[in-house]
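The values are calculated or read from the model by the stated rules, or taken from the named source; none is laboratory data. Predicted, not measured: the structure shown is a model, and the values here were computed from it. Cβ atoms come from the backbone with ideal geometry, glycine included; neighbour counts cover every protein chain shown. Side chains included, ligands, DNA and RNA excluded: accessible areas come from the protein's heavy atoms. Shrake-Rupley method; radii C 1.70, N 1.55, O 1.52, S 1.80 Å.
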Amino acid sequence: LASPMTEGFVQTQGNVINAAAEQGVSYLVKLSSRMADENSDLFIGRAHGEVEALMKASSIQGILLRPEGFMQNWLGETAQTVKQERRIYDGVGNGKRAYIDLRDIAEVAFTLLTQPEGHACHAYELTGDAAVDYHQVASAIGRAIGEDVAYVPLTLEEAGQRLAGRGLPPAMVQTFIS
């Protein structure tokens, strides 16, 4: 169960859970978030937490995948600024994350869907094999393209302005800069 983070996220995923339960589906693998918490003040964490609660209340035995962060998120603005300016901008300072490739998440989901026994009602935190900061990401990209790439740390306010400028709704911006 995966869908875009939109205003109607909880209802959309809740509708899928209800329809699956009505059809007698036994297992459902949900792509969730490591910050899932139905009491969170942050939109993404709260929305995933609410959906997880709906799944637990249903007759479906849920299996939760909680990735640290998606490598493919670098394909948007990050890839664009690297192409145009040889720079990466973000407000995470020197923070590190163990990003994971969506293909690895898909492989885990496939295995769990085809061999669900023993995994029902479990949550799995998924990470890449190493936590990296944006200085390391910039260096790796620079080596790959044969040019220097720099990480430019932003203040949280600057990062929020960039996200809002890309059209992200305020609730999503708040989640990303918190």
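Per-structure values
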quantity	calculated
Residue within segment 5-22 that is of a type in the set (Gly, Ala, Ser), part of a loop (DSSP other than H, G, I, E, B) and either under 30 Å from residue 141 (Cα atoms) or modelled with pLDDT of 95 or more (or both) present	no
Every pair of residues 6+ apart whose Cβ atoms lie under 7 Å, when the first sits in segment 39-50 and is within 20 Å of residue 16 (Cβ to Cβ) and open to solvent by 40 Å² or more (accessible area, probe 1.4 Å) while the second is assigned to a helix (DSSP H, G or I) and of a type outside the set (Asp, Glu)	50/10
Any hit, segment 95-103, residues being of a type outside the set (Ser, Thr, Tyr), closer than 30 Å to residue 28 by Cα and in a helix (DSSP H, G or I)	yes
For residue 172: the one exception among (1) more than 30 Å from residue 53 (Cβ to Cβ); (2) surrounded by 15 or more Cβ atoms within 10 Å (Cβ to Cβ)	(1)
Residue within segment 105-128 that is among the β-branched types (Val, Ile, Thr), within 26 Å of residue 175 (Cα to Cα) and out of contact with any Leu (no Cβ under 9 Å at 6 or more places or on another chain) present	yes
Odd one out for residue 30 among (1) open to solvent by less than 30 Å² (accessible area, probe 1.4 Å); (2) in contact with a Phe, Trp or Tyr (Cβ under 7 Å, 6 or more places away or on another chain); (3) over 25 Å from residue 152 (Cβ atoms)	(2)
Helices (runs of 4 or more DSSP H) contained in segment 105-177 and holding at least 2 residues of a type in the set (Val, Ile, Thr) and closer than 26 Å to residue 4 by Cβ	170-177
Selected residue (only one of 135, 119 is more than 19 Å from the chain's Cα centre (by Cα), closer than 19 Å to residue 68 by Cα and open to solvent by 50 Å² or more (accessible area, probe 1.4 Å))	135
Some residue of segment 68-85 being open to solvent by 50 Å² or more (accessible area, probe 1.4 Å) and in a loop (DSSP other than H, G, I, E, B)	no
Test: residue in segment 60-67 that is open to solvent by 80 Å² or more (accessible area, probe 1.4 Å) and outside any loop (DSSP other than H, G, I, E, B)	no
Inter-residue pairs, beta-carbon under 6 Å, first at negative phi and in segment 163-178, second open to solvent by 60 Å² or more (accessible area, probe 1.4 Å), 6+ apart	163/176; 177/156
Matching residues in segment 93-115 - criterion: being touching an Asp or Glu at 6+ places or on another chain (Cβ under 9 Å) and either among the polar types (S, T, N, Q) or open to solvent by 70 Å² or more (accessible area, probe 1.4 Å) (or both)	94, 96, 97
